[in-house]
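Here's the structure, in structure tokens; my notes come after.
Where a number appears in this text, it was derived from the coordinates with a stated rule and is not lab data. As the structure is a computational prediction, the values presented were derived from the model and not from experiment. Here the Cβ positions follow ideal geometry from the backbone for every residue, glycine too, while neighbour counts run over all protein chains shown.
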Amino acid sequence: MTRRKWVRLDNASNIFLAARSETDTKVFRLSAELDHHVDPQLLQVALDITYDRFTLYHAVLRRAIFWYYLQDSDLRPTVTPDNQPTCAPIYDADRTGLLFRVMYHQNRIILEIFHALSDGTGALWFLTDLVTEYIRSRYPQQPDIEDTSTAQLIAQPGAADENIAARDLAVDSFAQYFRRPSTTDERAAEVEVESSLTTTTKVFQVTGTRTPDYRTRAVELTASANDVLTLAKAEGVSMTMYLTALFFEAIRRSSDGFGRSRTLAATIPVNLRQFFPSVSPRNFFATVRVEHTYGEGPDDIASVGRQLEQQFRPKASPEALGKKLRRLTRVERSPLLRVVPRPLKDVILRGLNWANNRGLTVSVSNLGRVTLPEAIESHVGAMAFHVSAVRPQMCVMSHAGLLTISFTSPFIETDHIKEFARYLTDQGIAVTVAAARVTEFELAEELES
Amino acid sequence: MKRCHDCSVEIAGDWQHCPLCQEPTRGHASPSPFPAVALSFSRRRIFRLLFFGSLAIILGSFAVQLFLGRGPAEFGAVRSVWLGVVTMWLVAVMAVRKRRNVAKSIVYLVLIVGLVCLYWDYLNGWQGWSLNYAIPIVCGSSILALLITVRSMRIEVGNYIVYSGITILLGLLPIVFLVFSWVTTTLPSAICVAVSVIALVVIQVYRGAEVRHELAKRLHV
């Protein structure tokens with residue numbers, strides 16, 4: 001009998017378990033739109049092939065006395081129609097199950113993942129392989145689909161000579177890079193390590209009416225990627241910072257005045273694989289916090305965007321991130337903390353997460369422009385992703401020239417999304433809205449029609 | 001695709017109203033990338049069920065007391081505890097329901113506690129403790145509570161003035177107790193009336209103009 005493989009849950013993933021709640025399930029959704037209605041049987045075949053390749057996705061989450069750990073399992077995933085609210089809970093401590101689900105709806109292939117398993121980049125590798133396998137079996141006559149199982153991996157710097165088996169359970173990139181003090185530490189010494197816990201100004205927070213059954217409010221805006229990029233470039237700001245500034249402006253317009261807290265703050269995840277080459281699909285990102293205080297200077301979108309960019313650049317440098325993560329890893333590895341029982345660790349992490357949330361208004365995440373293997377590129381249209389949210393969140397992704405900006409929130413109110421969309425349409429950009437029905441009124445309207 | 005003219009956006013799915021601004025949409029429906037998933041539960045419905053369920057049990061509990069006879073001999077420890085529990089429950093339900101308007105919830109509280117005390121006193125063979133002590137003390141304290149709340153929470157005058165007025169009028173009610181000699185212990189009633197009069201004066205002096213403005217607005221015919 002071979003023993004089951006297991007691995008302790010990594011640094012960043014623990015927070016997702018502690019911070020998980022009824023409204024914020026810590027599940028994220030990635031979807032790809034095809035040029036035809038998805039065939040469930042073929043999707044199941046594609047899933048089986050992809051699943052065999054990604055051993056990490058076989059993992060189930062178990063609880064030990066001091067840590068959570070991922071353990072290999074014999075479970076097999078089944079594709080299902082998309083019949084649950086978006087980002088419905090996946091992890092249930094009382095029922096061991098896989099930490100992801102694959103669904104289809106009309107022409108969309110949907111992948112939902114519990115964030116403790118993987119991050120957006122890791123999930124994108126899985127989805128790419130899944131869609132490639134699906135297209136391969138859907139269009140068997142098309143001869144030139146090469147073995148694309150490594151397509152996304154090779155796209156990562158320095159990954160070409162890594163073994164594919166690296167998509168294994170065991171690779172914890174945090175440990176690989178940040179456990180030992182780095183020689184570059186002296187160089188990074190003057191880089192200020194940011195921590196949102198030390199924030200002194202009171203940060204504005206959006207409040208609202210919670211959804212009737214705590215489901216995530218999700219609205220997607222789709223526009224031409226080029227049009228929005230032109231808009232950002234004209235102001236000399238990167239796309240992410242431009243959209244963040246616009247998000248701030250939308251929040252400002254939709255609130256009835258900030259009151260005493262005129263500071264808006266956003267947390268932005270940074271993919272660490274771009275600086276620290278890794279082919280592990282497990283979580284490997286860090287977050288950077290940027291903020292803007294209104295009423296203390298120019299508050300137009302371009303100025304705010306430039307100012308956010310100035311804050312973001314140094315904080316998102318490999319030196320600053322490395323320093324921050326080495327420190328976090330050191331804390332995590334400290335003997336004192338290691339012997340704290342897991343339930344108590346959860347309480348501590350929950351407390352830290354709560355304190356951290358108080359310093360944040362919104363979250364922004366940008367997976368950027370996705371490149372798919374050439375052979376399937378023409379069959380795939382817009383791609384989108386969004387995350388369950390404890391505060392208003394914006395997730396951006398582009399493919400096939402279409403930029404999808406997805407908003408999620410625990411509240412039913414859509415005023416900030418309205419302001420955001422109207423700003424874009426005022427600039428002459430065509431915007432398409434897609435929304436999941438959330439309130440009793442919206443669902444009743446669907447039944448009537 | 002459907003279209004919202006106010007937002008100038010195209011909308012995927014069969015939306016009669018714009019999901020962003022709730023204005024009616026025009027055009028033909030297209031398929032939505034999100035299926036409509038029925039609610040697994042509705043917090044609003046659960047709260048309504050809890051509220052009306054609680055109210056039924058509370059009122060039922062009070063009503064059934066009449067059939068159990070009255071007088072100190074009939075009134076055992078079980079009934080005391082029972083009434084205590086349902087009164088607490090009623091107060092909690094009202095506090096939750098009226099939590100968004102502090103002034104209003106104080107009026108409800110005074111009315112509930114006052115009426116329950118009267119009824120309790122009646123069930124217990126009418127010893128007069130409700131008029132002598134309970135009602136004047138509750139009214140007097142609620143006025144103090146109101147003045148403190150209004151001051152510390154910086155509520156807008158228009159949002160509390162009507163209910164503050166009602167609270168103060170309730171505080172003047174013990175004058176009737178005194179005039180008709182319904183009370184044997186006069187001190188609590190006298191203090192309550194005094195507090196009410198002082199509160200009236202304070203409000204007239206500091207907020208007189210706003211009060212008159214609000215009254216003119218609300219009594220406008």
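The mean number of Cβ atoms from other chains found within 10 Å of a Cβ in peptide A:103-114 is 1, as a whole number. Taking every alpha-carbon pair under 8 Å whose residues sit at least 6 apart, the stretch B:105-209 reaches a relative contact order of 32 percent. Straight Cα distances below 27 angstrom link B:K98 to the lysines B:K217, with same-chain residues fewer than 8 positions distant left out. For a paramagnetic label modelled on A:T80 (point 7 Å from Cα along Cα→Cβ), amide N atoms under 17 Å away belong, within the stretch A:99-134, to A:99-106, A:109-115.
Candidates A:I348, B:I166, A:H58 compared by Cα position along the dipole of the protein assembly as shown: farthest toward the positive end lies B:I166, with charges placed on Cβ. Work out the charge dipole of chain A with +1 on the Cβ of Lys and Arg and -1 on the Cβ of Asp and Glu about the Cα centre, then indicate which of A:F126, A:A250, A:T267 is farthest towards its positive end. Checking the options against the dipole of chain A, the answer is A:T267. The angle separating the long axis of helix B:187-218 from the principal Cα axis of greatest extent in chain B is about 30 degrees. Taking the alpha-carbon distance from A:K324 and a cut-off under 20 Å, which lysines remain once sequence neighbours fewer than 8 residues away in the same chain are dropped? Reachable lysines: A:K315. Given +1 at the Cβ of Lys and Arg, -1 at the Cβ of Asp and Glu and no other charges, the dipole of the stretch A:94-146 around its Cα centre is 240 debye to the nearest 20. Centroid-to-centroid, using Cα positions, the stretch A:320-357 and the stretch B:169-220 are 58 Å apart. Remark: mean inter-chain Cβ contacts per residue of A:204-215 equal 2, using a 10 Å Cβ-Cβ cutoff to other protein chain atoms. Each peptide among B:87-95, B:16-24, A:115-123 gets the average number of other Cβ atoms lying within 10 Å of its residues, and from highest to lowest they stand as A:115-123, B:16-24, B:87-95.
Inter-label distance, A:H37 to B:M153: 5.6 nm, where each label sits 7 Å from its Cα along the C-beta direction. Each Lys or Arg adds one and each Asp or Glu takes one away; over the other residues whose Cβ falls under 12 Å from the Cβ of A:R252, this sums to -4.
Note on chain B: dipole from Cβ charges, positive end direction compared against B:V195, B:I112, B:S42; the farthest Cα belongs to B:S42. Computed over chain A, relative contact order equals 24 percent, with contacts defined as Cα pairs under 8 Å that lie 6+ residues apart. Taking Cα atoms, how many degrees apart are the long axis of helix B:43-67 and the longest axis of chain B, rounded to 10 and kept between 0 and 90? For B:43-67 against chain B, the angle is about 20 degrees.
Length gained on full extension, B:T185 to B:L118: 22.5 nm, using 0.36 nm per residue less the C-alpha separation. Averaged over the residues of B:202-214, the number of partner chain Cβ atoms lying within 10 Å of the residue Cβ comes to 0.
Within chain B, the proportion of C-alpha pairs whose separation exceeds 22 Å stands at 67%. Length gained on full extension, A:Q205 to A:A64: 47.2 nm, using 0.36 nm per residue less the C-alpha separation.
Short-range pairs are left out: with C-alpha atoms under 8 Å and at least six residues apart, the relative contact order of chain B is 14 percent. Computed from Cα atoms, the angle from the helix B:157-172 axis to the main principal axis of chain B rounds to 20 degrees.
The Rg/Rh ratio for the protein assembly as shown, using Cα coordinates for both the radius of gyration and the Kirkwood hydrodynamic radius, is 1.07. Its Cα centre serving as origin, the protein assembly as shown has a Cβ charge dipole (Lys and Arg +1, Asp and Glu -1) of approximately 2720 debye.
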